[in-house]
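K.L.:
The following block contains the structure, expressed as structure tokens.
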Amino acid sequence: MTSNTAQQAAAVSDKAVLANQAYADGRHLAARQSIYRWQQPQHDLPGIVVDELAGTRGTVFDIGCGNGMFANRLRRERPDLRVVGVDISAGILAEMEKPVLVADAQALPFADDSADAVLALHMLYHVGDIQATIKDLARVLRPGGVLLVSTNSDTDKRELDRLWRRAAGDVLGIPEGPARVSLSARFSLEQAVGHLGAVFGDIRVRELPGTIELTDPAPLIAHLASYEAWAEQCGVPFRETVGRAHEIAAETIANEGSFKITCLGGILTCRQ
């Protein structure tokens with residue numbers, strides 16, 4: 001691992017950065033989520049979560065709930081469940097329906113065997129000690145309960161990685177610039193079963209592939225710009241690189257008719 005990559009990995013699990021910058025409110029998270037409107041086939045991840053919990057009764061903890069995309073859907077479609085949203089950022093929880101709780105996923109303030117289901121969706125790459133966090137998620141889960149985890153593949157959105165390197169290189173005046181920050185690199189789809197398998201004996205993986213095709217660079221640029229909290233770790237002037245990426249993406253659309261991004265995420269259903 002290069003020093004730049006190691007620095008990026010440390011930064012995406014920095015609690016102060018997460019609570020006060022990256023997720024101080026829902027703006028950046030919403031920008032990253034919005035690009036999937038253009039994905040085909042469409043994957044309704046909150047709907048998949050609802051389906052996976054069809055047999056669940058009782059209490060659900062949504063750990064790292066962010067802007068409430070999953071918790072809010074569950075509350076609408078499963079009012080019989082008690083859904084508790086948990087996040088490290090008080091700011092992002094401010095507009096969420098209660099009950100919510102500001103807490104660290106690595107030290108959950110819940111009793112043993114207190115949840116019938118636990119959600120850890122696109123968040124385990126943000127915790128400092130992934131293995132210890134998985135053990136704590138299992139601790140609060142009742143026997144027979146289910147843990148739902150999601151993340152992205154190491155191959156996800158590689159077109160954006162190449163775009164960023166080219167734009168960064170142009171800004172720096174070199175053939176190829178440093179890599180952009182990758183959130184899921186610390187807990188990718190390829191690594192997830194290994195991590196979870198140390199605690200959970202029954203793991204089912206559902207891959208969610210797709211292609212995003214854009215005829216306007218705006219959603220792509222909003223996605224790249226949403227990583228602003230980690231600008232210092234990019235090793236390149238951030239705003240200038242985003243601007244150059246916009247120019248390259250617009251040129252690609254003009255020449256080829258669209259900018260295509262290949263996606264691969266997944267959801268893991270885990271039982272002890």
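Coordinate-derived values only; no laboratory data. As the structure is a computational prediction, the values presented were derived from the model and not from experiment. Using ideal geometry, Cβ is built from the backbone for each residue, glycine included, and neighbour counts are taken over all protein chains shown.
K.L.:
Taking other Cβ within 10 Å of each residue's Cβ, how do TRP164, TRP230 sort, fewest first? Don't jump to the answer; show the numbers that get you there.
P.N.:
On the way: TRP164 24, TRP230 20.
With the fewest neighbours first, TRP164, TRP230 line up as TRP230, TRP164.
K.L.:
Using the Karplus equation 6.51 cos²θ - 1.76 cosθ + 1.60 (θ = phi - 60°), what ³J(HN,Hα) coupling, rounded to whole Hz, does each residue of segment 32-46 give in order, writing x for Gly and Pro?
P.N.:
Computed from phi, the couplings for segment 32-46 are 5, 5, 5, 5, 6, 4, 9, 7, 10, x, 6, 10, 8, 4, x Hz.
K.L.:
Right, something else. For LEU101, list long-range residues whose amide hydrogen, built 1.01 Å from N in the peptide plane, is under 5 Å from its own amide hydrogen.
P.N.:
Under 5 Å from the amide H of LEU101: GLY85, VAL86, ASP87.
K.L.:
Also, I was wondering about something else. Please compute the length gained on full extension between ALA6 and LYS135, using 0.36 nm multiplied by the number of residues separating them and subtracting their Cα-Cα distance. Can you show the working numbers first?
P.N.:
Values: separation 129, 0.36 × 129 = 46.44 nm, distance 2.45 nm.
Taking ALA6 through LYS135 to full extension adds about 44.0 nm, to one decimal.
K.L.:
Taking amide H atoms as placed 1.01 Å from N in the peptide plane, list the residues 5 or more away in sequence, or in a different chain, whose amide H sits under 5 Å from that of ASN152.
P.N.:
When sequence neighbours closer than 5 places are left aside, the close amide H contacts are LEU189.
K.L.:
Take the eigenvalues of the Cα gyration tensor for the chain, scale each by 5, and report the square roots as semi-axes in whole Å, largest first. Before the final figure, lay out each step's value.
P.N.:
Details: eigenvalues 218, 76, 59 Å².
That gives 33, 20, 17 Å for the three semi-axes.
K.L.:
What ranking of THR252, THR133 emerges when the number of other C-beta atoms within 10 Å of each C-beta is taken as an exposure proxy, fewest first? Numbers along the way, then the final one.
P.N.:
Working: THR252 18, THR133 24.
Least to most surrounded, the residues fall as THR252, THR133.
K.L.:
Let me ask something else about it. Consider just the alpha-carbon atoms of segment 186-272 and return their Rg together with their Dmax, both in angstrom.
P.N.:
Radius of gyration, then largest Cα-Cα span, for segment 186-272: 17.8, 52 Å.
K.L.:
To test your reading of the geometry: what angle, between 0 and 90 degrees and rounded to tens, separates the Cα axis of helix 130-140 from the longest principal axis of the chain?
P.N.:
Rounded to the nearest ten degrees, it is 30.
K.L.:
Given N residues in segment 43-102, what is Rg(Cα) / (2.2 N^0.38 Å)? Show your work: numbers first, answer last.
P.N.:
Numbers: Rg = 11.0 Å, N = 60, 2.2 N^0.38 = 10.4 Å.
Relative to the 2.2 N^0.38 Å estimate, segment 43-102 comes out at 1.05.
K.L.:
Within segment 1-105, report the trypsin sites (Lys or Arg not before Pro) that DSSP leaves as loop and that have at most 12 other Cβ atoms within 10 Å. Intermediate values should be presented prior to the final figure.
P.N.:
Values: sites: LYS15, ARG27, ARG32, ARG37, ARG57, ARG73, ARG75, ARG76, ARG82; in loops: ARG57.
Counting only loop positions with at most 12 other Cβ atoms within 10 Å, the trypsin sites (Lys or Arg not before Pro) in segment 1-105 are ARG57.
K.L.:
Can you give the Rg and Dmax of segment 167-236 based on its C-alpha atoms, in angstrom?
P.N.:
Rg then Dmax for segment 167-236, in Å: 17.0, 51.
K.L.:
Report ³J(HN,Hα) in whole Hz for each residue of segment 54-60, in order, from the Karplus equation J = 6.51 cos²θ - 1.76 cosθ + 1.60 where θ = phi - 60°; Gly and Pro get x.
P.N.:
Rounded to whole hertz, the list is 4, x, 8, 10, x, 10, 10.
K.L.:
Over the chain, what is the percentage of antiparallel beta bridges among all DSSP beta bridges, to the nearest 5?
P.N.:
Numbers: 21 of 38 bridges.
In the chain, approximately 55 percent of DSSP beta bridges are antiparallel ones.
K.L.:
Please pull out the direction-averaged projected area of segment 1-159, using the convex hull of its alpha-carbon atoms, in nm² to one decimal place. Could the numbers behind the result be given before it?
P.N.:
Values: hull surface 40.4 nm².
Its average projected convex-hull area is 10.1 nm².
K.L.:
Taking the beta-carbon count within 10 Å as an exposure proxy, list THR215, THR151, THR241, THR262 from fewest neighbours to most. Before the final figure, lay out the partial values.
P.N.:
On the way: THR215 9, THR151 25, THR241 28, THR262 15.
If I rank by nearby Cβ atoms, fewest first, I get THR215, THR262, THR151, THR241.
K.L.:
Could you work out the equivalent-ellipsoid semi-axes for segment 88-197, taking the square root of 5 times each eigenvalue of the Cα gyration tensor, largest first, in whole Å?
P.N.:
Details: eigenvalues 236, 60, 24 Å².
So the three semi-axes of segment 88-197 are 34, 17, 11 Å.
K.L.:
Only Cα pairs under 8 Å and at least 6 apart count here; give the relative contact order of the chain as a rounded whole percent.
P.N.:
On the way: 525 pairs, mean separation 63.6, N = 272.
Relative contact order, the chain: 23 percent.
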